[in-house]
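> Input: one structure, supplied below.
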Amino acid sequence: MGNQTLKLREKSRIQEYSAPRFYEIAFDLNRKGEVDFLVYCFKRFARRPVRRVVDIACGTGPHLMRLADRGYRMSGLDLSPRNVEFLRERLAAKGHEGELVVGDMTDFRLARPVDAAICMQDSQGHLLKTEQLVAHLRTVAKSLKRGGLYVFDRYMASSWTNPARRWSWSKRRGRLTLEAVENGTRRLYRQTHLSRMVFPQELKTVVELAGGFEFVQWFFGFKPHQLLERARHPIIMVVVLRKK
């Protein structure tokens, strides 16, 4: 900053147009491995060619953009109009087209069905009630063509292979604080939310209750050899479902 005086202005909420930009910078992680794995699943498990994909709770589009760069025709759904507008500009800047919808993941409709759906970064965790998760799965199934895939990741408690074991888990989660300095102005953006974790056995039961999908496989990471049953203390499960 040199000898310039830094003006400090703290806000619990920053101006609406800035939040997606700051979010994109803060979570600018290497997603290539995750997208490689998604493409592997599309080719390995789908019973139809995957050309059109919807990214549910897409945020600023870290996965959506990378898949679009690989030639997939992308749609995106997010509850935030700011994220959707930000992503619309990102797609246009790269010459991509895509259907972007502002909507709830438990009740949405696309202009046309797709070949695959993804929901990443534990976004399903925002669904705190079982009936919400069931409604979500049924809505996703309606948006997919027969034989298409739904791939998503969920955080989970470890040691799930021994349900009778007593265990405890404590970690402070659910609070996001971003600090940004823009043109000499310091801004804070805070976000707090609850997140629900599910056990694999519980998730399978909910999938059966929702109907419309068959279970294909699950993993404890984003590599084909990382089958969940082989994990000792998994913290994430990546689930592959197929539309009946």
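> Output the qualifying pairs, or none if there are none: Cβ atoms under 7 angstrom, residues six or more apart or on different chains, first residue in the range 212-236 and part of a loop (DSSP other than H, G, I, E, B), second residue among the charged types (D, E, K, R) and surrounded by fewer than 16 Cβ atoms within 10 Å (Cβ to Cβ).
Here the result reads GLY212/LYS244, each pair linking the range 212-236 to a residue that is among the charged types (D, E, K, R) and surrounded by fewer than 16 Cβ atoms within 10 Å (Cβ to Cβ).
> A further question follows. From PHE45, PHE152, grab the single residue that is under 24 Å from THR205 (Cβ atoms), touching a residue at least 40 places away in the same chain (Cβ under 8 Å) and touching a Ser or Thr at 6+ places or on another chain (Cβ under 9 Å).
On inspection, the qualifying residue turns out to be PHE152.
> Now for a different question. Inside the range 65-113, can you point out the residues that are touching a His at 6+ places or on another chain (Cβ under 9 Å) and open to solvent by less than 20 Å² (accessible area, probe 1.4 Å)?
Answer for the range 65-113, where residues must be touching a His at 6+ places or on another chain (Cβ under 9 Å) and open to solvent by less than 20 Å² (accessible area, probe 1.4 Å): MET65, ALA68, MET74.
> Return only the number of the condition from (1) farther than 20 Å from PHE108 by Cα; (2) out of contact with any helix residue (DSSP H, G or I) (no Cβ under 9 Å at 6 or more places or on another chain); (3) modelled with pLDDT under 95 that PRO81 does not satisfy.
The failed condition is (1).
> Scanning the range 190-244 for residues that are open to solvent by less than 60 Å² (accessible area, probe 1.4 Å), touching an Asp or Glu at 6+ places or on another chain (Cβ under 6 Å) and of a type outside the set (A, V, I, L, M), which turns out farthest from ALA46 (Cα to Cα)?
Among those residues, the one meeting the criterion is PHE222.
> I'm checking my understanding of the structure. Among residues of the range 114-134 that are open to solvent by 80 Å² or more (accessible area, probe 1.4 Å) and in a helix (DSSP H, G or I), which one is farthest from GLY147 (Cα to Cα)?
Going through the qualifying residues, I end up with HIS126.
> Okay, moving on. From (1) open to solvent by 70 Å² or more (accessible area, probe 1.4 Å); (2) acidic (Asp, Glu); (3) at pLDDT below 90, pick out the condition that doesn't hold for GLU182.
Exception for GLU182: condition (1).
> Applying the selection to the range 20-58, what residues are modelled with pLDDT under 90 and open to solvent by 10 Å² or more (accessible area, probe 1.4 Å)?
ARG21, PHE22, TYR23, GLU24, ILE25, ALA26, PHE27, ASP28, LEU29, ASN30, ARG31
The values are calculated or read from the model by the stated rules, or taken from the named source; none is laboratory data. This one's a predicted model, so the numbers in the text were calculated from it and none came from an experiment. In this analysis, Cβ positions are derived from the backbone assuming ideal geometry, glycine residues included, and neighbour counts consider all displayed protein chains. Ligands, DNA and RNA are stripped out before the accessible areas are found, and what is left, the full protein with its side chains, is counted by its heavy atoms. Shrake-Rupley method; radii C 1.70, N 1.55, O 1.52, S 1.80 Å.
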